[in-house]
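Right, one structure below, let's go through it.
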Amino acid sequence: MFKKQIPFIGALLIVLTIAVAGCKSEYEKLRTSNDLAKKYREGKRYYNKKDYGRALELFEDLTQHYRGQAEAEELFYYYAYTNYKLKDYTSARYHFKVFADTYPNSTRTEECRFMSAYCYYLDSPNYSLDQENTQKAIDALQLFMNYYPKSDRTAEASKLIQNLRDKLEMKSYANAKLYLTISDYQSAVIAFNNSLRDYPDTKYAEEMEFLTIKAQYLYAKNSFEIRQTERYNTALTYYQTFIEHYPTSKYRKDADDLKKNCEQGLEQTKRILAEAETNQKLYKKLEEEKKSLPQIQKDSIAIKKAKNQ
């Protein structure tokens, strides 16, 4: 029986193929047509059917013909949103901005300025990646709020800005911890301090202040003896600031241990430096270390630059 059905199935497939081809040819005819009104009407129909790919093709062609005409405002509005629906946020934000700049008195201008900024927000990458677009999104949303301080969308823009700032905060925190993980202790100290300066209300503040003590202690411990006194004392200063800010911190015990280690390190350094006054071999070793100071001075310059950023 199945063999008898084969001709019927084959004929059905041929009919379907012809029908599909006919539909395609109809669309191609429309796309190359000079009937702009019909093309515009069908473009909106495709848009409303969520067939954004075909709608975009028709709108792209129409933008060249409708420029400067009465229908252009609505067309450019649809065109921007079609890019947005296709998740081409780079193109969408551009076209939303062009609409707002071209039609400043339109009832849709506020919406398009917001959508342009929102597309930047959607293009903001994961915190672990470069955050250039995140900062641009913050700037764009802030500009929208400056334009429309009484807008119903201002509250949403403010919330989006906070989300973006949280991402930058996370990026700053993660970068600082990475320096500590790879044993670049000097850079870790600088990065923790910069992050605390840039985000004084950060939820990571307690942990970062503790890790600053740890990074500074390890930096001192791995330094030349002639630099250890100053660096251990800096770690103790960080410790004192930490316990003033967080006297009952969950990191308090570990911080107290680091304090003891710093004090022991200071005592050991003091003994070594005192012994160097009578031990010529040790004295010579310390003098050799002094010859390495140009690199230390480069580190000092790096610190100053980082603090000024």
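Any read-out appearing in this document is the output of simple, stated calculations on the displayed coordinates, not a laboratory observation. Since this is a predicted model, take the numbers as computed values, not measurements. All Cβ positions, even for glycine, are placed from backbone atoms using ideal geometry, and neighbour counts span all protein chains on display.
Relative to the current alpha-carbon distance between Gln268 and Lys250, full extension at 0.36 nm per residue lengthens the span by 3.6 nm.
Above 17 Å, the calculated P(r) of the range 94-186 contains 54 percent of its Cα-Cα pairs.
How do the peptides 74-86, 244-256, 157-169 rank, highest first, by the average count of neighbouring beta carbon atoms within 10 Å per residue? Can you show the working numbers first?
On the way: 74-86: 20.8, 244-256: 12.4, 157-169: 16.7.
Most protected by this proxy first, the peptides run 74-86, 157-169, 244-256.
Extension gain, Thr63 to Arg227, is 52.2 nm, computed as 0.36 nm per intervening residue step minus the present C-alpha separation.
Neighbours of Asp201, meaning other residues whose beta-carbon lies under 15 angstrom from its beta-carbon, give a summed charge of -3 when Lys and Arg score +1 and Asp and Glu score -1. When +1 charges are put on Lys and Arg Cβ atoms and -1 charges on Asp and Glu Cβ atoms, the dipole computed for the range 86-166 relative to its Cα centre reaches about 180 debye. Given R0 = 45 Å, the distance between the Cβ atoms of Ile182 and Asn146 translates into a calculated FRET efficiency of 0.65.
State the extension gain, in nm to one decimal, for the chain segment bounded by Ala155 and Glu73, taking 0.36 nm per residue of separation less the distance between their alpha-carbons.
Values: separation 82, 0.36 × 82 = 29.52 nm, distance 2.74 nm.
Full extension from Ala155 to Glu73 adds 26.8 nm.
Note on Tyr103/Leu129: beta-carbon distance plugged into 1/(1 + (r/R0)^6) with R0 of 25 Å gives a FRET efficiency of 0.10. Here the range 86-223 is assigned +1 on the Cβ of each Lys and Arg and -1 on the Cβ of each Asp and Glu. Its dipole about the Cα centre then comes out at about 40 debye.
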